[in-house]
Amino acid sequence: MAERPKLKPSIRIGIDLGGTKTEIIALDDSGQVLHRRRVPTPVGDYRSTLATIARLIDEAEKSLGICASVGIGMPGALSLDSGCVKNANSTVLNGKPFKEDLQALLKRAIRLENDANCFALSEAQDGAGHGSASVFGVILGTGVGAGWVINGKLILGAAHIAGEWGHNPLPSIAQLGLHSARERQLSALEAPGPACYCGRWGCVETWLSGPGFVADYARDEYAAEAGDAPNIDTPAVDALALDAQQLITRMRGGELRAVAAFDRYVDRLARALATVINIADPDVIILGGGMSRIPELADRVSSALAAYVFSDEIGTKILSNQHGDSSGVRGAAWLWNQS
Ligand SMILES: [Zn+2]
């Protein structure tokens, strides 16, 4: 029988389980990447998802000749009651004892956190938040979420929902940008706002996700074409065949409706982050997810905060992330840096 590889607790494996791809990374104590691989996620197949993760870990440990700690970043969270997954947009995981099943398969204790918490932890550990005591990491992607790290430790909260700011209602009311009748009409759509998948209306996510940004532009575009007032239920966003990055390209080209949509996006993000600052007053807020690839976003939002934060001084820096798409998988590995 082959000798069991030596346990090297200083090597940390992270897995980022995404909707379409699953990534593995192995980090040494200084955060250097020793191994990394990315494969498609078996969509809609729970057993294959477990097997894919186990195979990736087995391959990594064989190639490095070690047995490492394992942290998993995933959408959703574990229910305090049942220990099963809830709120995952990879719905095949919901209601499954994912952690328990993986621990049985891997024959060791693992740690598991939602992807926004992993993002915040990664950036606090050795990214844009390195050296800051209180780091609030925000994901602005297909979904909107956040994690909060104080002195290197994730703040989980009494029901493990700390940082779930994407499903607060968007704070009304805009203090800026209501200079035209159309802007006032578009702003009036914020209450109650669009239906969110979570069952509520007007969540921050419905405005500040990438699809939310495009939908806001589409309402203006369709209303202009129809010669009508904008409608919250404009259904045919997909018919525009436009994603957030393409919309930003239009903005850079000076297209007026795209410029106005980005101005509204910045103002809404400032409003939503001002509520975070008024409660948590973190040292830094770090932007992640697809929308954070807009280089000017952090500076534009910083300037827009003054209208909404309850202070004439703002100590919170708004920064872009350092680790980009790797933040989630790196943060999963760093879950074993937590006591
Ligand atoms: Zn929601």
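The values are calculated or read from the model by the stated rules, or taken from the named source; none is laboratory data. Source: prediction; values computed, not measured. All Cβ positions, glycine included, derive from the backbone under ideal geometry; neighbour counts span all protein chains shown. The area values use the complete protein model at the heavy-atom level, side chains included, leaving out ligands, DNA and RNA. Shrake-Rupley method; radii C 1.70, N 1.55, O 1.52, S 1.80 Å.
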- [ ] State, to one decimal in nm², a quarter of the convex hull surface area for the C-alpha atoms of region 144-193, i.e. the direction-averaged projected area.
- [x] 5.1
Open item on the list: Using the Kirkwood formula on the Cα atoms of the chain, what hydrodynamic radius do you get, in angstrom to one decimal?
Closed with: 21.0
Open item on the list: Placing unit charges on C-beta atoms (Lys and Arg positive, Asp and Glu negative, everything else neutral), compute the dipole magnitude of region 1-158 about its Cα centre in debye, rounded to 20.
Closed with: 320
- [ ] May I ask you to give the solvent-accessible area per residue for the chain, in square angstrom, as obtained with a 1.4 angstrom probe?
- [x] 46
Open item on the list: I'd like the trypsin sites (Lys or Arg not before Pro) in region 75-174 restricted to DSSP loop residues with at most 16 other Cβ atoms within 10 Å, sorted by number.
Closed with: Lys107, Arg108
Task: Compactness of region 192-339 as Cα Rg over 2.2 N^0.38 Å, two decimals - done: 1.16
TODO: State the Kirkwood hydrodynamic radius of region 238-278 in Å, one decimal place, computed from all pairs of distinct Cα atoms.
DONE: 11.3
Open item on the list: Can you compute the equivalent ellipsoid semi-axes for region 111-178, i.e. the square root of 5 times each eigenvalue of the Cα gyration tensor, sorted largest first and rounded to whole Å?
Closed with: 24, 15, 11
Open item on the list: Using only alpha-carbon positions, what ratio does the radius of gyration of region 135-228 give when scaled by 2.2 N^0.38 Å?
Closed with: 1.29
TODO: State to the nearest 20 debye the size of the charge dipole of region 199-339 about its Cα centre, where the only charges are +1 on K and R beta carbons and -1 on D and E beta carbons.
DONE: 300
TODO: Heavy atoms only, probe 1.4 Å: what % of the accessible area of the chain goes to carbon and sulfur, would you let me know?
DONE: 53
- [ ] Choose one of Gly65, Ile24, Val39: the residue whose Cα lies farthest towards the positive end of the charge dipole of region 2-130 (beta-carbon charges +1 Lys, Arg; -1 Asp, Glu; about the Cα centre).
- [x] Gly65
Task: Coarse-grained scattering of region 24-109 at q = 0.15 Å⁻¹, given as base-10 log I(q)/I(0) from a Debye sum over alpha-carbon atoms - done: -0.61
- [ ] Bin all alpha-carbon pair distances of region 291-339 at 10 Å intervals from 0 and give each bin's fraction as a whole percent.
- [x] 21, 34, 28, 17
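To the nearest whole percent, what portion of all C-alpha pairs in region 196-262 is separated by more than 17 angstrom?
Percent of Cα pairs beyond 17 Å in region 196-262: 41.
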Task: Extension gain from Ser311 to Asp281, taking 0.36 nm per residue of separation minus the Cα-Cα distance - done: 9.7 nm
Open item on the list: So for each of 323-332, 304-313, 19-28, 127-136 I average, over its residues, the number of other beta carbons within 10 Å; can you give me the resulting order with the highest mean first?
Closed with: 323-332, 127-136, 19-28, 304-313
Task: Extension gain from Gln246 to Asp58, taking 0.36 nm per residue of separation minus the Cα-Cα distance - done: 63.7 nm
Task: Summed residue charge, Cβ within 13 Å of Ser187's Cβ, Lys/Arg positive, Asp/Glu negative - done: 0
Task: Förster radius 22 Å - calculated FRET efficiency between Asp263 and Thr142 (Cβ-Cβ, nearest 0.05) - done: 0.45
Task: the chain - charge dipole about Cα centre, Lys and Arg +1 at Cβ, Asp and Glu -1, debye rounded to 20 - done: 1040
Task: Antiparallel content of DSSP bridges confined to the chain, in %, to 5 - done: 55
Open item on the list: For a Förster distance of 25 Å, can you work out the FRET efficiency between the beta-carbons of Ser180 and Asp233, rounded to the nearest 0.05?
Closed with: 0.65
Open item on the list: Mean-square fluctuation check for the chain, GNM, Cα pairs under 10 Å: which of Asp233, Asp16, Asp283 is largest?
Closed with: Asp233
Task: When each of Lys62/Lys86; Lys21/Lys62; Lys21/Lys99; Lys86/Lys317; Lys99/Lys153; Lys153/Lys317 is checked by Cα-Cα distance, pairs over 28 Å - done: Lys62/Lys86; Lys86/Lys317
